[in-house]
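The next block holds one structure in the form of C-alpha cells; read it before the comments.
The values are calculated or read from the model by the stated rules, or taken from the named source; none is laboratory data. Just so it is clear, the structure is predicted and the values come from calculations on it, not from any experiment. Counting neighbours? That spans all protein chains shown, and the Cβs are built from the backbone with ideal geometry, glycine included. Ligands, DNA and RNA are stripped out before the accessible areas are found, and what is left, the full protein with its side chains, is counted by its heavy atoms. Shrake-Rupley method; radii C 1.70, N 1.55, O 1.52, S 1.80 Å.
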Amino acid sequence: MKTPPPESPGDLGTIYENEMVDENHKKALEFIEEVTTNAEQVQKRVLYEILSRNEHVEYLQRHRLNGHTDSVTFKTTVPIITYEDLKPDIDRIIAKGNTYSPPILCAQPISKFYCTSGTSSGVRKRIPTTEEDNERRGVFRSLVKPVLNQYIPGLDKGKAMFILVAQPEDPTPGGINITPSSTGRYKSAYFMKDKNFTSPIQTILCEDSYQSIYSQFLCGLCHNKLVVRFGAGFASRLVRNIRFFKEHWSHLCNDIRTGTIDYARITDPLVQKAVLEVLKENSGPELADFIETECMRDDASWKGIISRLWPNTKYIEVIVTGSMSQYIPAIDFYSNSLPIISCRYSTSECNMGINLNPLSKPDQVSYTLIPTMAYYEFLPVHDSNSSDARNQEQEPVDLTAVELGRDYELVITTYTGLYRYRVGDVLRVAGFKNNAPQFQYMGRSNKLPSVATERIDEVELQNAVNIAANHLMKFIHVSLVDYTCFTDTTSTTPGHYVLYFELHCGMSDALVSRSSVFEECCLALEESLGNYYCFVRKEGTVGPLEIKIVEKGTFDKLMNYAISQGAPVSQYKTPRCVKLDPIVELLNSSVVSNYYSQACPKYNGM
Ligand code: AMP
C-alpha cells in the first residue's frame, strides 16, 4: 500500500489555503453571532423580503394580503396550513410547471420539487425549491464546519467517510423534476467543491444504491488512515451501512487485495473508473490483511469496528436526536463510544437549525434556528388530552417570544412559497444563543389514529416506548432495534393499539419463556401514555395494548418496501405509525410472538 505524501509545512499553497479556511471560518462564526444577536430584526427583514418579492403570487392574492409585508397583517390574513391544504396548488404546478401567470406560490421559477421521506406513512410531500434556495442551503451548510472546528480542530486536514446515496429524479408533466433534498445537495455546486470526502462524487451520484454503497466502502477503506469523521445522515442509515459492510467485507477485502473490482458487481462505468483510480494508489495485500484480521477478530459482535478500521476517526457525525436516539447504543458499540455529533436540524422544506455545542451529549443536543433561513412561528403544544389542547386554539408566537422549557410546533414561511406552513415537528426550548432560541427536537406532531376519544402523538408514543424498552432491558438482555404502531380497530372490539417491536437478543428462547415480562412491558407502556389514555382503558372504549415481536430484519424489509415506493434512501426514517395495508400485512407476516396487557393501567382521575 502506498502512503500519502507528507504535508509540507513550507508549502505556500497549503499556508494560503489554511489562511483562507481560517478566514472563512471566522466570517461564519461572526455571521452566527450577528444573526442570533439581532434575531428579531433579522426575522422582520426576512418576512419583508419574502412577502415583497412574492407580492403578486396567486396564493397571497387569494388571501388578500394586498402587498402588506408586516407580521401583524400577515398573521391575520394568511392562514396556518398543512401540506394537505397546499397539495392542490402543488398538484397544479406538477401538472403545468412554471407556466402560470402570475406564479402560484413563488415569484422565482421552481427548479425542483424535493420529496420527503414519509412514503410508508402514506404522505408523499413535494416541496418546491429554487436555484436561489440551493445557494441559501449552501450558506447554511457552510456554517457547520466552522462550529465543529472550534471544538475539534484539524478537520480540514483529514477526510470524511460518509456513505451518501443519490437517487434518480422523477419527471413531472410540467417539466419540474422531483428529487430527494439529499440528492439535491449532492448535486449542488457547494457540495461538489468539497474535496474532503473519501467517496468520489461518481460513487455518490450512482443511482444504483448497491453499487453506490459498495464502492463507497471500498474507497473509504482505501483511505482508512486519513478518515477523521465517519458518518451518515440519520443514525438508522449508519447502522444499516455497517450491516451492509458486515455482509460484504470479504468481497471488499478481495478487491483491495487484488487492486481491482468485480465488474459484475460494479457495472456503472463512471463508478468503475473512479474506484479503480482510488484502488491504484491505495490498495494492496497489507491493507487487505489488516481489514481481514479486524473483521474476523470477533465476528459475532464487531465491537469497535469503526474505530479499529478507521483508527483516526475523531467522532461520528450522524443525527441521533428524536426517534433516532434508539440507535445510540448500536453506534456506541460499533465506534467504541466515540463522540456522536448531530450537527443540524433540517427538512426538505428548509435548512434551519445548527448545533452550536457539538460535543453535548445526545440527549442534551439543541439546535439554534438560523434566523435568515425562514420566517418562523411557534404554536404552543399541550399534552394532547389536556383541557387546554381540547378547548383552546393557541396563537402562534414569534422566534424571540418563545418560553424556556415549553414545547412548540414549528410553522415556517419560506422564500420558496410556503406560507405559515406546519412542518409537523415538535421542538422544546432548551436555551438561547444571544437572542435566538435553541431547540431540542422532540418528534413529529402527528397524532396516531384514535380508537375512541383519546389522542396520542408520536412524541408521547416515543416517550412511552423508551420507558417500556428500559423496563424490558431490566429483566432480559435485549435492546429495541426499531418499532412502529398500528391502531387496530377491526380485529378486536373495542379496538386497541398494536406496537411492533424488533428486538436484538442473543438468545431467542429466553424471549419465549419470559412472557410475563412482555405483559408488564405492555402495561408500562400504557401507563406512560397519559391519564386520558388510562381513562379510556378503564372506561373500556379502548382494549388492552398489544406488543407484537417481529423477526429480525423486518424493519429492513419495511425500509426496502418504502424505498421501492419512492422513499429517499438517505432520508428514510421508520414511520412511527403505520396505516397502509401492505405495510401492516408485511409486519403481521413477520410476527413471532405477541403479548397483551393483562391489567388495566392505573387511572388517577381527571
Ligand atoms: P425530510 O424532509 O424527509 O428530510 O425529513 C425531515 C424530518 O426529519 C424533519 O421534519 C424531522 O422530523 C426529521 N429531522 C430532521 N433533522 C432532525 C434532527 N436533527 N433530529 C431529529 N429529527 C430530525
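Computed quantities for the displayed model
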{"quantity": "Test: residue in region 568-581 that is aliphatic (A, V, I, L, M), open to solvent by less than 20 Å² (accessible area, probe 1.4 Å) and within 16 Å of the ligand (Cβ to nearest atom)", "calculated": "yes"}
{"quantity": "Candidates Ile50, Ile90 - the one that is buried (at least 17 other Cβ atoms within 10 Å of the Cβ) and farther than 18 Å from Ala374 by Cα", "calculated": "Ile90"}
{"quantity": "Of all residues making up region 288-316, the number that are over 12 Å from Tyr334 (Cβ atoms) and open to solvent by less than 10 Å² (accessible area, probe 1.4 Å)", "calculated": "4"}
{"quantity": "In region 435-454, the residues that are more than 16 Å from the ligand (Cβ to nearest atom) and polar (S, T, N, Q)", "calculated": "Asn435, Ser450, Thr453"}
{"quantity": "Filter result for the condition that a residue is more than 32 Å from the chain's Cα centre (by Cα) and in a loop (DSSP other than H, G, I, E, B), over Ile256, Ile261", "calculated": "Ile261"}
{"quantity": "Selection within region 65-101 - of a type in the set (Phe, Trp, Tyr) and over 19 Å from Tyr114 (Cα atoms)", "calculated": "Phe74, Tyr100"}
{"quantity": "Residue in region 175-200 that is nearest to the ligand (Cβ to nearest atom), counting only those that are assigned to a helix (DSSP H, G or I) and more than 22 Å from Tyr572 (Cβ to Cβ)", "calculated": "Tyr190"}
{"quantity": "Scan of region 75-117 for residues that are in contact with a His (Cβ under 9 Å, 6 or more places away or on another chain) and part of a loop (DSSP other than H, G, I, E, B), ordered by number", "calculated": "Val78, Pro79, Pro102, Pro103, Ala107"}
{"quantity": "Exclusive hit being at pLDDT below 95 and out of contact with any strand residue (DSSP E or B) (no Cβ under 7 Å at 6 or more places or on another chain), set Asp70, Asp22", "calculated": "Asp22"}
{"quantity": "Complete set of residues in region 201-218 that are assigned to a helix (DSSP H, G or I) and surrounded by fewer than 22 Cβ atoms within 10 Å (Cβ to Cβ)", "calculated": "Ile201, Gln202, Leu205, Ser209, Tyr210, Gln211"}
{"quantity": "Criterion violated by Thr489 - all others in (1) over 28 Å from the mean Cα position of the chain (by Cα); (2) buried (at least 19 other Cβ atoms within 10 Å of the Cβ) satisfied", "calculated": "(2)"}
{"quantity": "Checking Thr260 against (1) within 16 Å of the ligand (Cβ to nearest atom); (2) open to solvent by 20 Å² or more (accessible area, probe 1.4 Å), the condition it does not meet", "calculated": "(1)"}
{"quantity": "Residues satisfying the stated conditions in region 455-469, i.e. more than 13 Å from the ligand (Cβ to nearest atom) and over 14 Å from Leu545 (Cα atoms)", "calculated": "Arg455, Glu460, Asn463, Asn466, Ile467, Ala469"}
{"quantity": "Output for region 226-253, where each listed residue is outside any helix (DSSP H, G or I), more than 16 Å from the ligand (Cβ to nearest atom) and either crowded, with 21+ Cβ neighbours inside 10 Å or not assigned by TED's automatic domain parsing to the domain that holds Glu317 (or both)", "calculated": "Val227, Arg229, Phe230"}
{"quantity": "Matching residues, region 358-372, being surrounded by fewer than 24 Cβ atoms within 10 Å (Cβ to Cβ) and in contact with a helix residue (DSSP H, G or I) (Cβ under 8 Å, 6 or more places away or on another chain)", "calculated": "Pro358, Leu359, Pro362, Asp363, Thr372"}
{"quantity": "Failed criterion for Phe432 (all others in (1) aromatic (Phe, Trp, Tyr); (2) closer than 27 Å to Lys125 by Cβ; (3) more than 16 Å from the ligand (Cβ to nearest atom) hold)", "calculated": "(2)"}
{"quantity": "Within region 438-473, considering residues that are open to solvent by 60 Å² or more (accessible area, probe 1.4 Å) and of a type outside the set (A, V, I, L, M, F, W, C), the one farthest from the chain's Cα centre (by Cα)", "calculated": "Thr453"}
